[in-house]
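As structure tokens, the structure follows; a few thoughts come after it.
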Amino acid sequence: MTTDLCQWIEGHAASSPGKTALLFEDAVISYRDLYHRVYSATAFLRETHQLRRGDRVAYLGFNSPACLVLLFACARLGAMLVPLNWRFELPELAGVLSHAGAGVLFADAAHQDQAMALVQRYPRCALAASAELEPGQAAPHPSVITRDPAVDLNMPVLLVYTSGTTGRPKGVVLTQNALLFNALNSIHMHGLTAAAHVLSVLPMF
């Protein structure tokens, strides 16, 4: 029985560890590698930033494996990922960060200056670099991350903000179940198989 979205990665890492999970620029990331990254990130969030069920983790950056690693780590913790729209101006980003109540902000190398300005405006949020999620940078991955028994597929895992074209950006909450059934519906609608490759070009916010 699936208890959280992180089990997707866990299961594939056990059954097909060498199979490619992600292709990003020049990097080829297997399910084993992705599993290790997710578990290291989970430990990093829990031990370094004391994040627990219901907490919010913001991400400011372009599409990258780090964003997906954070998503699955949040799923295991029962936390929520808040992907930020990097097209927003600083006041808009600060408003979203404050409204979301994020406890930690991850930023890629291209958005470090914006991120530092953001946490100055919203000092309740700690700043972390997405490079800290790379292999060897975060906490060593344990063999098992203890699950919070209260975390299940009904827990919210994504807090996505609208573009705000008709007013202030509004937060939309998506549960783990919503992502699960969206994936299952996509598999059915497009006839996807284990051999399929999916090109993701739209921003992940």
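The values are calculated or read from the model by the stated rules, or taken from the named source; none is laboratory data. These numbers were taken from a predicted model, which means no experiment stands behind them. Reconstructed Cβ throughout: ideal geometry from the backbone, glycine too, with neighbour counts over all protein chains shown.
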Complete set of residues in segment 70-85 that are part of a loop (DSSP other than H, G, I, E, B) and buried (at least 19 other Cβ atoms within 10 Å of the Cβ):
GLY78, ALA79, LEU84
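To keep it simple, each residue is scored yes or no on (1) more than 28 Å from GLU92 (Cβ to Cβ); (2) under 16 Å from the mean Cα position of the chain (by Cα).
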| site | (1), (2) |
| --- | --- |
| ALA150 | yes, no |
| LEU153 | yes, yes |
| VAL160 | no, yes |
| LYS170 | no, no |
| LEU180 | yes, yes |
| HIS197 | yes, no |
Filter segment 35-68 for residues that are buried (at least 21 other Cβ atoms within 10 Å of the Cβ) and among the aliphatic types (A, V, I, L, M) and give the result.
VAL38, ALA41, LEU45, LEU51, VAL57, ALA58, LEU60, ALA66, LEU68
Starting from segment 91-106, take each residue that is among the polar types (S, T, N, Q) and part of a helix (DSSP H, G or I) and list its partners that are modelled with pLDDT under 95 and crowded, with 17+ Cβ neighbours inside 10 Å, counting only C-beta distances under 9 angstrom and pairs at least six apart or across chains.
SER98/TYR122; SER98/CYS125
Residue list for segment 9-47, filter: in contact (Cβ under 8 Å) with a residue 40 or more places away in the chain and among the acidic types (Asp, Glu)
ASP33, GLU47
Looking at ALA58, is it aliphatic (A, V, I, L, M) and part of a helix (DSSP H, G or I)?
no
If VAL173 satisfies all but one of (1) of a type in the set (A, V, I, L, M); (2) in a loop (DSSP other than H, G, I, E, B); (3) exposed (fewer than 13 other Cβ atoms within 10 Å of the Cβ); (4) touching a residue at least 40 places away in the same chain (Cβ under 8 Å), what's the number of the condition it fails?
(2)
Pick from segment 9-33 the residues that are part of a strand (DSSP E or B) and touching a strand residue (DSSP E or B) at 6+ places or on another chain (Cβ under 9 Å): which of them is surrounded by the most Cβ atoms within 10 Å (Cβ to Cβ)?
ALA21
GLY54 vs (1) in contact (Cβ under 8 Å) with a residue 40 or more places away in the chain; (2) within 21 Å of ASP152 (Cα to Cα): all pass except (1)
In this structure, is HIS36 on the phi < 0 side of the Ramachandran plot, modelled with pLDDT under 95 and assigned to a loop (DSSP other than H, G, I, E, B)?
no
Considering segment 86-98 alone, what residues qualify as being surrounded by 15 or more Cβ atoms within 10 Å (Cβ to Cβ) and in contact with a Phe, Trp or Tyr (Cβ under 8 Å, 6 or more places away or on another chain)?
TRP86, ALA94, VAL96, LEU97
